[in-house]
Structures are given as C-alpha cells and as structure tokens.
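Peer 1: Before I ask anything, let me first share the structure, which is written out below as structure tokens.
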Amino acid sequence: MFTKLILKIAFFLHRSKRYRDTKKLFYNFLQNPDYIYKRYFDSFMIFLILVSVIILVYEVEHQIPQWVDDFDLYAVTAIFSLEYILRFWVYNDFHTKIVKDYEEAKFLNKPFRVLSPIITTIKGKIEYILSPSAIVDLLAILPAYRPLRVLRIFVLFRVFKLLRYTKSIHQFIEVLATKRFELITLLFLLIFIVTTAGIAIYVFEQRTNPNINSLFDAIYWALVTISSVGYGDISPITPAGRVVSMIIIVSGIAMISFVTSVIVSAFSEKLNELKENRIVERINKNREFLIICGYGQMTRMFLKNHSLHSYEYVILEDDKKKVERGIKDGYNIINENASRHDVIAKFNIEYSNITLLALTGSDINNIYITLNAKALSKKINVIARASNDKIVKKFKLAGVDHVILPSMVANRMLLFAITQPAMYKAIYSMLTGQTLAQLDEISTIMHYKLVGKSIEEIDFKKHKLLFIGFQCGLKEEFIFNPPTKIDFRVGDILLVMGHKASIKYFKEQYGEIYYG
Amino acid sequence: MANRKAFIFGYSKRSTFLTKELQKQNFNVIIVVSEQDSYDKAKEHGYLDIIKLDMTDDDALEQQLDVEESDYLVCVMEDSHFNVFLTLSLKSLFPKSKIIALSDSFHVTQKLKMAGAYKVIDLYQVSANRIYNILNKPIATKLITNLLSSEHQLSIREIDIPKNSFLNNIKVDDFDFSKYGIILVGMIDRKLSEQFLFITSGLEHSLDRGDMLVCIGYNDDLDRFERYVSSACIKGISNEDEIKLN
C-alpha cells in the first residue's frame, strides 16, 4: 500500500512537465553557472548580505529604526531560509531515483524495494546538509535568533556566503588549493616551530618572566614573534629565551617569504588560465556571440571590419606565438584547441546563439572543428573556410552552414572587375556600404509598422529607396521584384537599396520595436 | 567582344577559375609564366596562348608581350614580393593598361596600389567581408552571390542605350522598369564621366544614346528588355513579347 502510494506520487512527479520545469528553473537560478539570469539572483543575494553586515556594524554604536531591524530579522532571514530549502530541494530527486529503480526491477523481474531509492536519496540530502557551503548557509540564518546576542556574530557567516555568489573569491581559493601540498607542509612546519619554541620559552622563563604564566602564553608569544608582528606584551628576559627568540625570528622570515613565494607562484602558474576562464565566462553571458577558430590573416581582416559592430567574440588558437600576437593586437584570444570536445563544451551552448567561424589554414582542422561543434549541438551555426571547391562537398557533409572559399571569392571579384568594371564598384559598395548606396535588410519584426502595408502604400520611391524584393517570413523564400499589391506580414524581411541616411530615416519612421 | 584581351601573370590554384571563366566569356586569354611547371600545367589544362619568359627582365616583357591600351594585365603570382615587383614593371612599361592584382594581406595591398595597380583584390579581405555580410545581411549576401554567379537565373547586367532606342530623351523617373520585371539600379552617363550613379542618389536624368543602364532581373526578362531597348520606339515590341509581359 505504502509502496503503491509512493510509486504513484513518484510517477506523477516524473511525468509532470510543470513540476520538472519549475525545479529546472530554480536549479538554473541556484546552481547553473551558464544560466544567463543567474547573475541577477547572485547580485541580489550579495546586496542582501552587504545590507545585513552594514546593519550589524551600524547597530554597534547607533540605535536603528524598528523597520530596519524587522527587515533584517524577517525579510533577509526568510529569503536565506527559502534559499536553503530550495537548494535542499534541487540537490537531488526522490522521484527520479524511485522511477529508475522501479523500472530496472521490472526489467530484471526482481522485487522492487521502495526503501532503497529513498535511503540513497536521503543520503544525498544529508551529504548536501553536511557540505561546507550548506553549513555556512545554515549558520547565516542563525543571527535571526535574538535571545542569544552572541549569535549576531554569525552575520559574518553571511559574508562567507559571498563565496557562493562571487567567482573571484572562489577562484582565489581554487588557486590556493592547487598548492595544497606545499601549504600543508608549511603549516605543519609552523606548528612544529611554534610549539617547540613555545615549550622552550615556557621551560626557560615560566618562573622568571612575570608575563608568561602558562603554556598558552608561551605559544601565543611564539606565534606573534614568528609572524614578525611582535606586539611586545610578552618578551624574553633570560639569555636562553633571547636565543630562542633569535632562532624563531630568522625562521619566521624564511617561512613568510616561503609562503609568499608559494602563493605568488600558484597565481603566476594559473594566471593565464584564470584570464581565459574570465573571457569564457564573460562571453557566455551574451545571448549571441562568435567563436573564431584560428588567428591568421583572415581572422585579422574579419576583426578589422567587425570591430565596428557590437558582436561579442572569442578567438581560439592552438599556437602560443599566435596567441601572444593576438593579445598584443588587443583581441579576446585564448590558447585552446577548438577541435577538442571539452573546449567547445565550455561555452554556453544551451542558452546562447553561437556562430562558429572555422578559419584555420587547414581543411582537415576546419572539418574536425565543425564536426566537434555540430556533435555538441546542431544549433551552432558554422561558417568554415575551405581551400578548394573539390572539398566543399565534405564540408557540407560535416554540417557547415556556409563554406567560404577565399580563392574563389577573390577570383569572382577579379573576374567581375575585368568583365563588368562599372558594376564591380556598384556591387562592392552595395555590400560594404562604403559609398553612397548600400543594400540593407529591414525586418518587419523590428519595424512593425510595415506589417499589413503593401509595397504601393509604402512608396519606396518617395523615401528615395529602391525596393529589390523580400524574404517571405514563413517560407524563407526570396521574392524578387514582387507585385506592388502584396502586403507585408510579420517575419518578412525587406531588401532595399539606398543612401545610408535614407535607410536610417526609413527605419526610424517604421522603426518601433515590436514587443508583441 | 572577342577582341577583349587579358594577360594573366602566373598560373596556379589562385587563378585557374578566373582564367577559365574569362575564356568562357570570350576573352582572349594569354597566360604568362616564368616556370616550366606552371607552363606545363596550363598546357595540360588546354590553354594555347602561353608565354614563358623571365618576368624580371623588362626587355623580355616589352618584346614578347603585345599589350594594347585597353588590355587587362592581371597579376596573380603566388609570391607577393614578386607580384608587387611585376606590377611596378608593368606599370612602367604599359602605363595606360589596367593592372589588376591579387593580394594576400593589407600591407601587400598598399604596396600594390603604390606600384600602380588599378584595382587590388585582397584574397582574405573579400572573404572576411563575405563572412561579415553572411552574419549581418544574409539575404542581401545571398542575392549578390546569385547575381555574381553564372549558375543562377538572377543577374545584374549592363545595357547600353543605342542610337535609335525608344528610351532616348525619356526621364529616368518617368519610366517604369518594374513593368518589364527588372529593377534599374543605376547608370553611367558616358558623356559626363565614367562614374557609376546609383538610382537612389536622386537622378533627374534624361536618358540618351551612349548611356549605360545597370539592371537586375531574371535573365529572360533582361534579354527581353535588351531587345526592347534596341527597338526604335515602344511600339516596336512584338506581340509575342507583349503577351509575355502581361
């Protein structure tokens, strides 16, 4: 009966799209670093923590208004408690485990025990409760208990909570963790020296020095001295005690420089990686961006044009020398091999529209990069460079959306320059917009006033524009020179030619963004 | 048009397509090479007019090449240093001919222009522009690719207005080109200059003999329109064409 009920609930939750979506949404906000809106949640939590700490400090010397106290007591605590509960909820699923175990049992024809998946899931939940960050979260809620004034100091745990929301502190700890072995060795050495020196001074001076009354005093003195702080509240008075002092001072200097060098070397080793991670994190926050593979002539040429516009990009280059050059040129470049699965997987494939430009000099690399990207997500739009027309078929098979053949494009332009010189200039300026006229696309989604209007009504001539045709939104089919009676619909894209200023003015006239 | 002549300096992967297409369009193509390998390759591909000479030798260039003022000199050597040097040599020997050169970097482009090239096409810049346009103006790019490619039905064409055309003395604004299924993009008024004028720059121009119209349209429509233009007056359109128009 109990098993049946549990199974019923588990299957209900498993099938409910609404439940899954809600849980996924909370998961995204709380745990998913790739989720674009997570940063707003993080900023909000940081704000609450800071407010809470400011209230704590202000309260020491001043009387705070009741509403501020209430805000701190109820609102902040409620939000923190809710966060704690939600994190507990999204950490793992009861129903998934139950359904999985049940189906497995059914498949193997063995009896299903409902307790086993429940225990596994509870173990997971306990694991969560005992994790350092969850403990910090829990302690951060405690200051709300007013009868015990001392608990107010737990507000400082709210500061530790910042670790959750700020990447930089997190990274600092991660870097230190790479030198765990060295730091632990030094810690043991420190404990050894401090204890030995403390015992020595205790033995030598406990009877003669009025400031040393216990072993704790002696060890406190040793630590203050070795750290080169030297308060001076306790100082050795016997020659033997002074010798211990001298030894401890020298070893203290050595130890401090050693610790400093360990930390500095950890950072210098990780500096590039940290910088590169930052670039990846920053780019992942955009809805749309470019991943450019290879830093050669073509990439440089592309970026020269591209710098005029606000596309976000990142360049992946395998060759260290080229990376150095790219950094010197001031571009966002990281030293990674784009044909590796984990490199492309670092990007926010699920939530962003990514266009990948495979512009390395080798066809084999470009095809491999394309396959790598397409294997991760078919959504990634790939533009790849190919060396000759015989290989284009392979590129298409690999899933490239646009193949660029530099020699072919250049040859076509050469041919055009020779056979139709007058039009060469026309075509060139139409595309680049370098001279008076340019060819531009106007979307009816962005310019909703065009919707429902016919070509005749719009009267392009009056706007000093030449209407070439339009792409029908639904069919994605280009209609050249259509009849003037046709009405535009939402999703259509108009192709017009004209002076930059005329196009701008036209867009302004029809240009209110359509939010519907 | 068979008398149009183009000298292609260098025969490699970079120029095979160009050479083939120029020949298709009735150009008299003369390939000039300095190495036996390229000579053999060109021969193998069926070209007859191949000249092998030392391109650093000005005397050889002057004596062996029969260059006229209207000829095109296309420098597509693989070595960019040599390409610049050759451009300079050709400019000094044949100052009135049009030199078109292929470059592979911004710096080479600059040098080729300084050396006197009439037009320089940067291999990577045109491709970079293409990528940029695919991202920003995908439909416009597709249209222009179709216009430039011979495999599609849409094309852009230069149409000269002959002496007795019905278009003589007609104002550009008064004439409805869309009725013929084509779009007038711009024109060159040969009497004024060789400059191309876009229709949208506010032309208030009367068409007359010698003007050149630049139109976009389907090949059939363009062919038909070209026939109308050469007819003496609008009534000269044959019944059959008029039916097609409607």
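The values are calculated or read from the model by the stated rules, or taken from the named source; none is laboratory data. Here the structure is a predicted model, which means the values were calculated and not measured. All Cβ positions, glycine included, derive from the backbone under ideal geometry; neighbour counts span all protein chains shown.
Peer 1: Within region B:86-116, can you find the residues that are under 21 Å from B:Lys13 (Cβ atoms) and either more than 15 Å from the chain's Cα centre (by Cα) or in contact (Cβ under 8 Å) with a residue 40 or more places away in the chain (or both)?
Peer 2: Of everything in region B:86-116, those that are under 21 Å from B:Lys13 (Cβ atoms) and either more than 15 Å from the chain's Cα centre (by Cα) or in contact (Cβ under 8 Å) with a residue 40 or more places away in the chain (or both) turn out to be B:Leu86, B:Thr87, B:Leu102, B:Ser103, B:Asp104, B:Ser105, B:Val108, B:Thr109, B:Leu112.
Peer 1: Ok, one more. Report whether or not B:Lys191 is of a type in the set (Lys, Arg), within 11 Å of another protein chain (Cβ to nearest Cβ) and more than 19 Å from B:Arg227 (Cα to Cα).
Peer 2: So B:Lys191 does not fit the description; no.
Peer 1: Sticking with this one: I'd like the residue in region A:164-175 that is of a type in the set (A, V, I, L, M) and either touching a Leu at 6+ places or on another chain (Cβ under 6 Å) or surrounded by 16 or more Cβ atoms within 10 Å (Cβ to Cβ) (or both) and, out of all such residues, is farthest from A:Leu138 (Cα to Cα).
Peer 2: A:Val175
Peer 1: Which of (1) within 14 Å of chain A (Cβ to nearest Cβ); (2) polar (S, T, N, Q); (3) without any contact (Cβ under 8 Å) to a residue 60 or more places away in the chain is the odd one out, the single condition B:Ser70 does not satisfy?
Peer 2: (3)
Peer 1: Would you check if there is a residue in region A:385-395 being within 13 Å of another protein chain (Cβ to nearest Cβ), buried (at least 21 other Cβ atoms within 10 Å of the Cβ) and of a type outside the set (A, V, I, L, M)?
Peer 2: Scanning region A:385-395 turns up at least one residue that is within 13 Å of another protein chain (Cβ to nearest Cβ), buried (at least 21 other Cβ atoms within 10 Å of the Cβ) and of a type outside the set (A, V, I, L, M).
Peer 1: Quickly run through region A:483-495 and pick out the residues that are surrounded by 14 or more Cβ atoms within 10 Å (Cβ to Cβ), assigned to a loop (DSSP other than H, G, I, E, B) and within 11 Å of another protein chain (Cβ to nearest Cβ).
Peer 2: A:Thr484, A:Asp492
Peer 1: Another question about this same structure. For region B:157-168, check the following and say yes or no: at least one residue is within 11 Å of chain A (Cβ to nearest Cβ), over 30 Å from A:Ile292 (Cβ atoms), of a type in the set (Gly, Ala, Ser) and part of a loop (DSSP other than H, G, I, E, B).
Peer 2: Within region B:157-168, none of the residues are within 11 Å of chain A (Cβ to nearest Cβ), over 30 Å from A:Ile292 (Cβ atoms), of a type in the set (Gly, Ala, Ser) and part of a loop (DSSP other than H, G, I, E, B).
Peer 1: Against the conditions (1) modelled with pLDDT of 75 or more; (2) within 29 Å of A:Phe416 (Cβ to Cβ), where does B:Asp174 fall short? Just the number, please.
Peer 2: Result: B:Asp174 passes all but (2).
Peer 1: Which number in (1) among the aromatic types (Phe, Trp, Tyr); (2) over 30 Å from A:Lys304 (Cα atoms); (3) touching a Ser or Thr at 6+ places or on another chain (Cβ under 8 Å) marks the one condition that B:Phe7 misses?
Peer 2: Only one criterion in (1) among the aromatic types (Phe, Trp, Tyr); (2) over 30 Å from A:Lys304 (Cα atoms); (3) touching a Ser or Thr at 6+ places or on another chain (Cβ under 8 Å) is unmet by B:Phe7, namely (3).
Peer 1: Cβ contacts < 7 Å: first residue under 13 Å from A:Leu439 (Cβ atoms), restricted to region A:451-476; second residue in a strand (DSSP E or B) and among the small types (Gly, Ala, Ser), any location; separation 6+ or different chain. Result?
Peer 2: Taking only residues 6 or more apart or on different chains, the pairs are A:Leu465/A:Gly498; A:Leu466/A:Gly498.
Peer 1: To continue, here is another question. All but one of (1) of a type outside the set (D, E, K, R); (2) over 20 Å from the mean Cα position of the chain (by Cα); (3) crowded, with 16+ Cβ neighbours inside 10 Å; (4) assigned to a helix (DSSP H, G or I) hold for B:Tyr47; which doesn't?
Peer 2: The one condition B:Tyr47 does not meet is (4).
Peer 1: Which one is farthest from A:Arg325 (Cα to Cα), of the residues in region A:286-298 that are buried (at least 17 other Cβ atoms within 10 Å of the Cβ) and more than 10 Å from chain B (Cβ to nearest Cβ)?
Peer 2: A:Asn286
So that you can scan it fast, the table gives a plain yes or no per residue for (1) small (Gly, Ala, Ser); (2) in contact with a Ser or Thr (Cβ under 9 Å, 6 or more places away or on another chain):
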site: B:Leu88; (1), (2): no, no
site: B:Gln110; (1), (2): no, yes
site: B:Lys119; (1), (2): no, no
site: B:Leu123; (1), (2): no, yes
site: B:Ala128; (1), (2): yes, yes
site: B:Ala140; (1), (2): yes, no
site: B:Ile144; (1), (2): no, no
site: B:Lys171; (1), (2): no, yes
site: B:Asp176; (1), (2): no, no
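The rows are residues; the columns are (1) in a strand (DSSP E or B); (2) within 7 Å of another protein chain (Cβ to nearest Cβ); (3) at pLDDT 85 or above.
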{"position": "B:Thr109", "(1), (2), (3)": "no, no, yes"}
{"position": "B:Leu112", "(1), (2), (3)": "no, no, yes"}
{"position": "B:Gly116", "(1), (2), (3)": "no, no, yes"}
{"position": "B:Ala128", "(1), (2), (3)": "no, yes, yes"}
{"position": "B:Asn133", "(1), (2), (3)": "no, yes, no"}
{"position": "B:Ile144", "(1), (2), (3)": "no, yes, no"}
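Peer 1: Right, B:Ile183: within 22 Å of A:Leu495 (Cα to Cα) and either out of contact with any helix residue (DSSP H, G or I) (no Cβ under 6 Å at 6 or more places or on another chain) or buried (at least 16 other Cβ atoms within 10 Å of the Cβ) (or both) or not?
Peer 2: yes
Peer 1: For B:Asp220, only one of the following conditions fails: (1) within 13 Å of chain A (Cβ to nearest Cβ); (2) modelled with pLDDT under 80. What is its number?
Peer 2: That leaves (2) as the condition not met.
Peer 1: I need the full set of residues from region A:344-370 which are assigned to a loop (DSSP other than H, G, I, E, B) and of a type in the set (S, T, N, Q), in order please.
Peer 2: Hits for region A:344-370 are A:Asn348, A:Ser352, A:Thr360, A:Ser362.
Peer 1: Can you pull out the residues in region A:229-245 that are loosely packed, with under 12 Cβ neighbours inside 10 Å and either aliphatic (A, V, I, L, M) or on the phi > 0 side of the Ramachandran plot (or both)?
Peer 2: Correct list: A:Val229, A:Gly232.
Peer 1: With the condition kept exactly as written, say whether any residue in region A:255-272 is part of a loop (DSSP other than H, G, I, E, B), farther than 30 Å from A:Asn335 by Cα and in contact (Cβ under 8 Å) with a residue 24 or more places away in the chain.
Peer 2: No.
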